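The values are calculated or read from the model by the stated rules, or taken from the named source; none is laboratory data. None of the values given here were measured: they were computed from a predicted structure. Positions of Cβ are generated from backbone atoms using ideal geometry, with glycine treated the same way; all protein chains shown enter the neighbour counts.
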Amino acid sequence: MAKQRRALPGFGLSLGVTLAYLGLMVMIPLSTVVWRTAELSLGQFWSTISSDRALASFALSFGAALVAAGINVVMGVIVAWVLTRYEFPGRRILDGIVDLPFALPTAVAGIALAATWAPNGFLGKYLHAIGIEGAYSRLGVIIALTFIGLPFVVRTVQPVLEGLDPRVEEAAAMLGATRLQTIRRVILPALRPAIVTGFALAFARALGEYGSVVFMSGNMPMKTEITPLLIMSKLEQFDYAGATALALVMLVVSFGILVAINGLTWRAAERRQAIRTPAEPAPTAVPPGAASAGGEL
Amino acid sequence: MKGRSRVCTEPVWVRAILMIVALGFLAVFLVLPLGAVLYAAFSKGLDAYIAAVREADTRSAVRLTLLAAGIAVPLNVCFGIAAAWAITRFKFPGKRVLVTIIDLPFAVSPVIAGMLFVLLFGAHGLIGPWLLGHGIKIVFAIPAIVIATSFVTIPFVARELIPALEARGPEQELAALTLGATAWQTFRRVTLPNLRWPLAYGAILCTARAVGEFGAVSVVSGHIRGETNTIPLHVEILYNDFQYQAAFAVATILIGIALATLIGKSFIEWHAGRGRPSH
Amino acid sequence: MSRGVTWITILLLAISSLGMGCSSEKDGKGAELLNVSYDPTRELYTDLNAAFTKAYAAKTGTTVRIKQSHGGSGKQARSVIDGLEADIVSLALAGDIDAIATKGLTDKAWQGRLPERSAPYTSTIVFVVRKGNPKQIADWGDLVKPDVKIICPNPKTSGAARWGYLAAWGYARAKLGGDEAAQGFLKALFANVPVLDSGARGATTTFTERAMGDVLIAWENEAHLIALHGGDAYQVVVPPRSILAEPPVAVIDQYATKHGTAEVAKAYLEFLYTEEGQQIIAKHHYRPRNAKAAAATKLPTLELFTIDEFGGWATAHAKHFADGGSFDRIYSR
């Protein structure tokens, strides 16, 4: 193959390092899942992943992740709105704390949540009094997943909100829109790509979560058993092939979600490139923390 | 509201409700659990707290955690730089697949991640028997913890650098090259300084995650007390030993690191000009 | 930027020290033993190890350092099979050590190498209830009452849960006549279980710290530990009939030979049978084999049946705990 002349140096080295590292650290380990699962016949594979217990765990893992991500979308937009648009004492501190679930280890999050929501916990005892179990229930799983997904929507929506041109809002108001209409038809659509990305990120994160959920769910088969726990269970019973079969399903789904997120990101970036006018210089400092999707309008 | 005209703000009652909802949500979901840990950690007084933190097994857990992070973070920083450079500065087929693969550890459940390495390096794994035959122990020993920690933190630096490099464009590097700089000079004096803040930011996130990783390390560690327990694992052990106060006390170390991470992040954001006035 | 060079240097140094660290196992001065144990024995082995180290140093002059690992019995066995280089295992049931022996890591006839089927002590499964025993739990039959919430670990991973499961089965089979009835009884029992922890200690935490459940199914030694730690918030209830649990110990030949610790490991296990060892065992609320030490414990006598009633662990495991066994059938629709 003729050597392609590139203006910038370092292609070979950088790509080589990247591929080698990814190959060693990601691709080879992932291939062991396929290798081990291949020990099962197709029939065995199917019966493993379609067993009652597995299906119940999928339903819980996916369902709870969806609900938690949904809650985070609603609350995330509200929190982002409040943090960017309103002034109040302690705003900066609160803004910083939003990232806590991201920085806090999952095990600590787990015991902290359990301490709060268990029947004898700070808040759990009030819920228990009215018959709701905050921990060791599906609600407990949802609470844990909401906690760890909290920063994602907030952090993807915030930069977009900050970058919104107030002149557009003023124009809408000038043209007779009520505040609610402006929000619904001007602002929210502009936020949509960021919201979708944030949702997908929160969902992907919630799907694989183990450390915090294991302290908050009851781990009851068929009821409050998440898929990673079922995988752990199978591992501990020496059923490696079964564990990898379940892991394969989760990996395929996670991969699918990632592809979807990245697809959205690229499309948004391309749209942004297309509408950037020549007079506008490229930004010199990208605010750290801005996910690739959701930039200026 | 800085410079925002009255027609672009909500009525007071709407603002009040939104604020109550948002702050209430944050208080219930974030602040309270944090408070619960702090309360429990100090429930037996300052002396007990200090004793728990200074205990031998805790210290060895801290050492192991720092070792794992100390290897995982620089490794992934180098990888992140290489990957971001390759992806943003060149055109080649399969770029999107590559980016997705880089993101994969982010979406893989930690339990699965740990399991991967047991399958690979365990006594009945793919290359485990060969390694063990040569006296190289990976699983249930420190190397596996380091590897598992590195795996789960792979995306963090790359994900920060890629948008940063993309936004910047290659103009400055091209200019440097035309002015006679060598490749390495360009890299060292043009590219890297510009990447200072995203790099630091990514490294901080990477460190926070490396220190706090639980699921993957739990699967590959042998839970050997005083040897193969990181701080999060040690917290779990103390919790299971009826030593709740000690468990929460050690947990505050992790909270301290988390808060330091947040402060570092805010510092960087402030420096990088995030508080731009709206135009 | 010279910072990059510094980083790379640090990285290389770290990697090389890692490489050196992972291939050297023995440091030569004194011996090191790894004891991979089941969940609730933490306090027991802290004391036993201290006593053994002292006695062994006095006898031979060698200082032994004993490292401990604890977890659900099944989980620990899996780890050993996967490469956790235990010199000794002290697990909850013989079946878990059999699984290790089947993989060739130790002699298949391991159980005969030490007295009393390699179990230096026994224990049983009892109940822990809250102060005053408000739900009036006295026997296994009370567990299936509709308003009773039971905390029990997961039989798939925990030794305590497996012994407890079989104890309940044995009770039901005798009382209600036959295995069919027993299956129904276990189904009703687990319907009352809201949380399944992976190990005995996890279940204890749920019962005590998280205040869940009315009754905890636990090891006898664990039950007494709970009562001790809890002031008078908890009571131990001993059912009239329960299973004789025989947690065995074994040297893992492959690893002990590799580490050169076979002698020390054997001496360590033999120490468990000595008077001193048995007294420490009694102190921690286990039932020692030694008659004198046993007399010193104030543990109640109850009617105990053994695993032989179930045909041994291999049969019991296949019938109850393997995939599709009776425990799985409880949860299938």
Practice prompt. With respect to residue C:99, determine if the residue is more than 25 Å from residue C:38 (Cα to Cα) and part of a helix (DSSP H, G or I).
Written response: no
Worksheet item: In this structure, does residue C:80 turn out to be in contact with a Ser or Thr (Cβ under 9 Å, 6 or more places away or on another chain) and under 20 Å from residue C:42 (Cβ atoms)?
Response: no
Practice prompt. Scan the stretch C:66-83 and give yes if some residue there is farther than 30 Å from residue A:239 by Cβ and either surrounded by 24 or more Cβ atoms within 10 Å (Cβ to Cβ) or in the same structural domain as residue C:265 (by TED's automatic domain parsing) (or both), otherwise no.
Written response: yes
Worksheet entry | Unmet requirement for residue C:190, which otherwise passes all of (1) within 14 Å of another protein chain (Cβ to nearest Cβ); (2) surrounded by 23 or more Cβ atoms within 10 Å (Cβ to Cβ) | (2)
Practice prompt. Please determine, by comparing only the residues of the stretch C:193-208 that are in contact with an Asp or Glu (Cβ under 7 Å, 6 or more places away or on another chain) and of a type outside the set (A, V, I, L, M), which one is nearest to the other protein chains (Cβ to nearest Cβ).
Written response: C:201
Worksheet entry | Residue tally, condition more than 7 Å from every other protein chain (Cβ to nearest Cβ) and either surrounded by fewer than 23 Cβ atoms within 10 Å (Cβ to Cβ) or among the hydrophobic types (A, V, I, L, M, F, W, C) (or both), over the stretch B:107-123 | 2
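For (1) out of contact with any helix residue (DSSP H, G or I) (no Cβ under 8 Å at 6 or more places or on another chain); (2) not in a helix (DSSP H, G or I), each residue gets a yes or a no:
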site	(1), (2)
A:58	no, no
A:77	no, no
A:92	no, no
A:128	yes, no
A:134	no, yes
A:150	no, no
A:156	no, no
Worksheet item: Residue check: is residue B:153 hydroxyl-bearing (Ser, Thr, Tyr) and surrounded by fewer than 19 Cβ atoms within 10 Å (Cβ to Cβ)?
Response: no
Worksheet entry | Those residues of the stretch C:45-65 which are under 29 Å from residue C:104 (Cα atoms) and either in a helix (DSSP H, G or I) or at the interface with chain B (Cβ under 10 Å from one of its Cβ atoms) (or both), in sequence order | C:45, C:48, C:49, C:52, C:65
Worksheet item: Looking only at helices (runs of 4 or more DSSP H) that fall completely inside the stretch B:176-257, which ones have 3 or more residues that are surrounded by 24 or more Cβ atoms within 10 Å (Cβ to Cβ)?
Response: B:196-212, B:215-220, B:231-240
Item to complete: Restrict the check to the stretch A:118-137 and report whether at least one residue is in contact (Cβ under 8 Å) with a residue 24 or more places away in the chain, closer than 30 Å to residue B:160 by Cβ and within 25 Å of the chain's Cα centre (by Cα).
Response: no
Item to complete: Keeping to the stretch A:124-133, report how many residues are within 11 Å of another protein chain (Cβ to nearest Cβ) and under 20 Å from residue B:37 (Cα atoms).
Response: 2
Worksheet item: With respect to the numbered conditions (1) assigned to a strand (DSSP E or B); (2) more than 12 Å from every other protein chain (Cβ to nearest Cβ); (3) of a type in the set (Gly, Ala, Ser), which one is the sole condition not fulfilled by residue C:69?
Response: (2)
Fill in: Residues satisfying the stated conditions in the stretch B:190-227, i.e. in contact with a Ser or Thr (Cβ under 7 Å, 6 or more places away or on another chain), more than 11 Å from chain A (Cβ to nearest Cβ) and at pLDDT 85 or above
B:206, B:221
Response to the item:
If we keep only residues of the stretch C:284-298 that are more than 17 Å from the chain's Cα centre (by Cα) and crowded, with 16+ Cβ neighbours inside 10 Å, then the residue modelled with the highest pLDDT is C:289
Practice prompt. Quick one: count up the residues across the stretch A:198-234 that are farther than 15 Å from residue A:53 by Cα, within 11 Å of chain B (Cβ to nearest Cβ) and assigned to a helix (DSSP H, G or I).
Written response: 12
Worksheet item: Only one residue in B:53, B:37 is within 7 Å of another protein chain (Cβ to nearest Cβ), among the β-branched types (Val, Ile, Thr) and farther than 29 Å from residue A:250 by Cβ. Which one?
Response: B:37
Discussion item. Condition first: among the aromatic types (Phe, Trp, Tyr) and over 20 Å from residue C:88 (Cα atoms). Can you find one or more residues in the stretch C:286-309 that meet it?
Written reply: yes
Worksheet entry | Restricting the stretch A:110-123 to residues that are assigned to a helix (DSSP H, G or I) and more than 7 Å from chain B (Cβ to nearest Cβ), the residue that is nearest to residue B:212 (Cα to Cα) | A:110
Discussion item. With the requirement that a residue be at the interface with another protein chain (Cβ under 7 Å from one of its Cβ atoms) and either of a type outside the set (S, T, N, Q) or not in a helix (DSSP H, G or I) (or both), what does the stretch A:8-27 give you?
Written reply: A:8, A:9, A:10, A:11, A:15, A:17, A:21, A:22, A:25, A:26
Worksheet item: Just wondering, is there one or more residues in the stretch B:13-33 that are within 30 Å of residue A:246 (Cβ to Cβ), free of Cβ contacts under 8 Å to residues at least 40 places away in the same chain and either within 23 Å of the chain's Cα centre (by Cα) or outside the structural domain of residue B:236 (by TED's automatic domain parsing) (or both)?
Response: yes
Worksheet item: residue C:256: touching a residue at least 12 places away in the same chain (Cβ under 8 Å), in contact with a strand residue (DSSP E or B) (Cβ under 6 Å, 6 or more places away or on another chain) and among the small types (Gly, Ala, Ser), yes or no?
Response: no
Fill in: Residues that are at pLDDT below 90 and acidic (Asp, Glu), drawn from the stretch C:33-76
C:39, C:43
Practice prompt. Search the stretch B:58-97 for residues being among the aliphatic types (A, V, I, L, M) and more than 21 Å from the chain's Cα centre (by Cα), and hand back the single one that is nearest to the other protein chains (Cβ to nearest Cβ).
Written response: B:86
Fill in: Subset of the stretch C:107-134 (residues that are in a loop (DSSP other than H, G, I, E, B) and surrounded by fewer than 23 Cβ atoms within 10 Å (Cβ to Cβ))
C:107, C:108, C:109, C:114, C:119, C:131, C:132, C:133, C:134
Worksheet item: Here is a list of conditions, (1) within 29 Å of the chain's Cα centre (by Cα); (2) at pLDDT below 85, and residue B:181 meets all of them except one; can you say which number that is?
Response: (1)
